[in-house]
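The values are calculated or read from the model by the stated rules, or taken from the named source; none is laboratory data. Because the structure is predicted, anything quoted here is derived from the model rather than measured. Virtual Cβ from ideal backbone geometry, glycine too; neighbours counted across all protein chains shown. Each accessible area value is taken on the protein alone, full model and side chains, heavy atoms only, with ligands, DNA and RNA left out. Shrake-Rupley method; radii C 1.70, N 1.55, O 1.52, S 1.80 Å.
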Amino acid sequence: MIDLLVEPMGYEFMRRALLVVAASGVAGALLSCWLVHMGWSLMGDAVSHAVLPGVVIAALTGIPFAVGALVAALVAVALIGGVRESGTVREDAAMGIVFTALFSLGLVLIARFPSGQDLHSILFGSVLGVPDPVLVQVLAVSAFTVIVLLAFRRDLIMVAFDRLHAHTLGLRTRALTGLLLATLATATVAGVQSVGVILVVATLIIPGATAQLLADTMRGTMILAVVVALAGGLTGLYAGYYADLPPGPVVVLAQAAIFTAAQLFAPRRGVIPRAAAGARARRSGMMTA
């Protein structure tokens, strides 16, 4: 068993992949607690798809991958806010319009400038082929995301649970919301290298959604979300190595499997425990009658 765990780490590319999966996983997991609680899952989906043109332009011009993706993510957030503030369409429609337009722009750029573009690695990640510059970028944006979320966690939690009350307490709710959107951009940039543009939204939602089934406090939810992300990341990385499968999709499948188990067996919120409790209540009612 020990040999099965140690052998893959004898390769440099696996150690790099482990660093990327762990760093991006922790950043995405912490952020997912806010995204799920605030109902921002669609925002995460929108921003993750919208980074595609930034990634392509970065590859064409030679600028750092993270810079291109981060600029595209921030542009997406600004455009969504602008369309929403115009009052002509609903927020979900604004997200749908912006992310599909930017994603299509990325596909057009890949078709127009095909040289040097690996569509598969952009869409589904290339965690096993991470060069030094990209590794540094992923670690940097992941660290920024984690530090910001932990440093401002009390204020961000207040905004997430009761925005009006937070405003009356003197918190700068608009600035805090902007800060949360900035971390969404950086967490997306980190996750794209791990699982790709298509699947990164899963790492921004599944850990938080799973943890909410098991924890009663935000602190507990954040801890469990990180555990889910790391467990899914490690399982996916090792399963991909031994089964000769692309690690990105396997990481997402592993996290989805953990969510399914929590959905079924979570002590108080799982489907099966709630069904059992309902059956016991009905039997008790019949005996009383």
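Summary value for region 19-173: 31 percent relative contact order, contacts being C-alpha pairs under 8 angstrom separated by 6+ residues.
Ranked highest first by the average count of other Cβ atoms within 10 Å around their residues, in what order do 178-185, 198-205 fall?
On the way: 178-185: 20.1, 198-205: 24.9.
By packing density, highest mean first, the sequence is 198-205, 178-185.
At a 1.4 Å probe, what is the % contribution of carbon and sulfur to the accessible area of the chain? Walk me through the numbers before you get to the answer.
Numbers: 9620 of 13950 Å².
With neighbouring chains kept in place, the figure for the chain is 69 percent.
If R₀ is 45 angstrom, what is the calculated FRET efficiency for the pair A78 and M286, using the beta carbon separation as r and rounding to 0.05? Walk me through the numbers on the way to the answer.
Working: r = 60 Å, r/R0 = 1.33.
Efficiency at R0 = 45 Å is approximately 0.15.
Note on the chain: Kirkwood hydrodynamic radius from all Cα pairs is 19.9 Å, rounded to one decimal.
In debye, nearest 20, what is the charge dipole magnitude of region 146-221 about its Cα centre with +1 on Lys and Arg Cβ and -1 on Asp and Glu Cβ, if you could check? Show your work: numbers first, answer last.
Working: 6 positive and 3 negative charges, 39 e Å.
The calculated dipole for region 146-221 is roughly 180 debye.
Taking 13 Å as the cut-off, the amide N atoms of region 65-102 that come nearer than this to a point 7 Å along the Cα-to-beta-carbon line of V108 belong to 100-102. Treating only the Cβ of Lys, Arg, Asp and Glu as charged (+1, +1, -1, -1), what charge dipole size does the chain show about its Cα centre? Round to the nearest 20 debye. That gives a dipole near 1100 debye.
I need to check one value: relative contact order of the chain, counting alpha carbon pairs closer than 8 Å and at least 6 residues apart, in percent.
Working: 443 pairs, mean separation 77.7, N = 289.
So the answer I get is 27 percent.
Among A254, A73, A166, the largest mean-square fluctuation in a Gaussian network model of the chain (Cα springs under 10 Å) belongs to A166.
About the Cα centre of region 57-209, what is the dipole size in debye to 20, counting +1 per Lys and Arg Cβ and -1 per Asp and Glu Cβ, all else neutral? Intermediate values should be presented prior to the final figure.
Details: 8 positive and 7 negative charges, 60 e Å.
Value, rounded to 20: 280 debye.
Ordering of 134-143, 168-177, 211-220 by packing is 134-143, 211-220, 168-177, highest average first (other Cβ atoms within 10 Å, averaged per residue).
Rg over Rh for region 203-260 works out to 1.04, both radii taken from alpha-carbon positions and Rh defined as the Kirkwood radius. Mind running the shape call on region 1-84? Use the C-alpha gyration tensor, a ≥ b ≥ c as the square roots of the eigenvalues: rounded below 1.5 for a/c, prolate if a/b tops b/c, oblate otherwise. Since a/c reaches 1.5 but b/c is at least a/b, the shape of region 1-84 is classed as oblate.
Given R₀ = 35 Å, FRET efficiency for S86-L60 by Cβ-Cβ distance, to 0.05?
Working: r = 32 Å, r/R0 = 0.90.
Computed FRET efficiency for S86 and L60 comes out at 0.65.
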